[in-house]
Amino acid sequence: MGVIRVPRPLAAAQLGLLLLLQLLQPAQTAAAGTSSHYLRYDFAIVSQPSQGQSSYTVLGYLDGQPFVWCCRQGQRAEPRAPWSQVQGPRSWERLIRSLKTVAQRLVIDLKSMMGTKETEKVWNGEAPGSHTLQALAMCEFQGNQSNPGFWRYGYDGQELILDLEMLNLTETESKRQEEIRKYQRRANLEQDFLVRTCLHPLRKYLEAGVLTLQKTVPPSVRVTHHGTFSKKSTLKCQAFSFYPPDISLTWLQDGKPTIKGTQESQSVRPQGDGTYQSYVNVEVPSEEESRYACLVEHQALNGTFTGIWEPPPPKLPPIWILSGCLASALVFVGTTIVFIWRRWKRKRTGFRTKENV
């Protein structure tokens with residue numbers, strides 16, 4: 001990665017931020033191995049977010065599995081795994097508050113790095129282009145020993161590394177020392193984050209048990225039929241409430257995979273409760289739906305699962321229609337019986353009158 005060099009003259013706040021980034025980058029250790037577990041947070045700060053989106057997002061990972069997503073102001077954070085909130089609601093709320101605090105601090109850092117005038121133009125949409133500040137915080141347990149962790153930063157895709165030549169640009173030595181002390185305090189805050197919001201939750205997750213962390217949830221599968229005005233129909237295969245998110249959905253035609261019914265990777269989405277959902281559609285000729293089946297592959301399933309669309313049974317008329325028909329039939333039968341009885345009675349009365357005469 002390249003070295004970021006801020007154009008001269010360098011503002012004190014810009015120099016201080018770069019110094020902070022250097023202070024927070026101790027020697028890095030290898031990421032999680034077979035006997036280690038790690039927790040990582042990825043922060044992304046954007047100077048010119050798209051309409052309706054936040055200026056920052058945060059994703060948290062435990063051993064590479066996403067477990068938390070955070071969020072713009074006023075929006076709730078999302079758990080990304082069934083075990084995300086195993087520590088209880090209070091611990092979860094503290095975690096989210098801490099992530100939001102760091103993200104909002106990074107928003108200020110990005111504005112400072114861009115400079116006041118450029119910041120106002122970009123944030124107000126008056127200048128083209130957008131800038132991004134990225135931060136990664138990571139801690140690790142190797143066996144029974146913990147790694148204090150580290151921070152890494154990037155600006156517009158390049159790693160931020162302190163250029164020592166910039167230290168000569170401060171006005172006086174006292175000013176330089178003041179900036180160093182100021183951002184050393186900031187470095188202490190970041191180190192406190194690694195302990196409280198990284199190592200502590202990681203330890204709690206591990207105490208909950210590896211089996212809990214590796215818990216899998218099988219998908220529920222549903223196949224639906226959607227008619228069109230043409231001579232074709234659409235079959236939709238939906239899988240929901242599954243974990244982890246890796247899943248394969250494939251439409252089979254006469255038992256063989258069909259390319260037109262292959263799942264797209266971006267169709268896997270969080271369901272909001274720590275599980276995921278996905279779907280795949282296929283367009284088929286009408287009256288040939290029975291030739292198609294949806295093959296579902298997921299590690300929580302014993303083997304694979306095949307779903308088919310079953311036409312619904314003929315719908316019975318609503319009960320009120322049946323009741324109305326029955327009542328009408330009874331009235332008709334009753335009226336007919338009365339009519340026949342009256343005619344029979346008249347004929348019998350007339351026959352008796354003739355006999356008397």
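The values are calculated or read from the model by the stated rules, or taken from the named source; none is laboratory data. Quantities reported herein were computed from a predicted structural model and do not represent experimental measurements. Cβ sites come from the backbone with ideal geometry, for glycine too, and all protein chains shown count toward neighbours.
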Task: Answer from Ala77, Ala81 - the residue that is assigned by TED's automatic domain parsing to the domain that holds Thr197, within 19 Å of His200 (Cβ to Cβ), of a type in the set (Gly, Ala, Ser) and modelled with pLDDT under 85 - done: Ala81
- [ ] Within the stretch 264-294, track down each residue that is at pLDDT below 90, within 30 Å of Pro89 (Cα to Cα) and either of a type in the set (A, V, I, L, M, F, W, C) or in a strand (DSSP E or B) (or both).
- [x] Val268, Arg269, Pro270, Tyr276
TODO: Tally the residues that are surrounded by fewer than 19 Cβ atoms within 10 Å (Cβ to Cβ), at pLDDT below 85 and charged (D, E, K, R), restricting the search to the stretch 84-117.
DONE: 1
Task: Residues of the stretch 218-263 satisfying the condition of being charged (D, E, K, R) and assigned to a strand (DSSP E or B) - done: Arg222, Lys232, Lys236, Lys256, Lys260
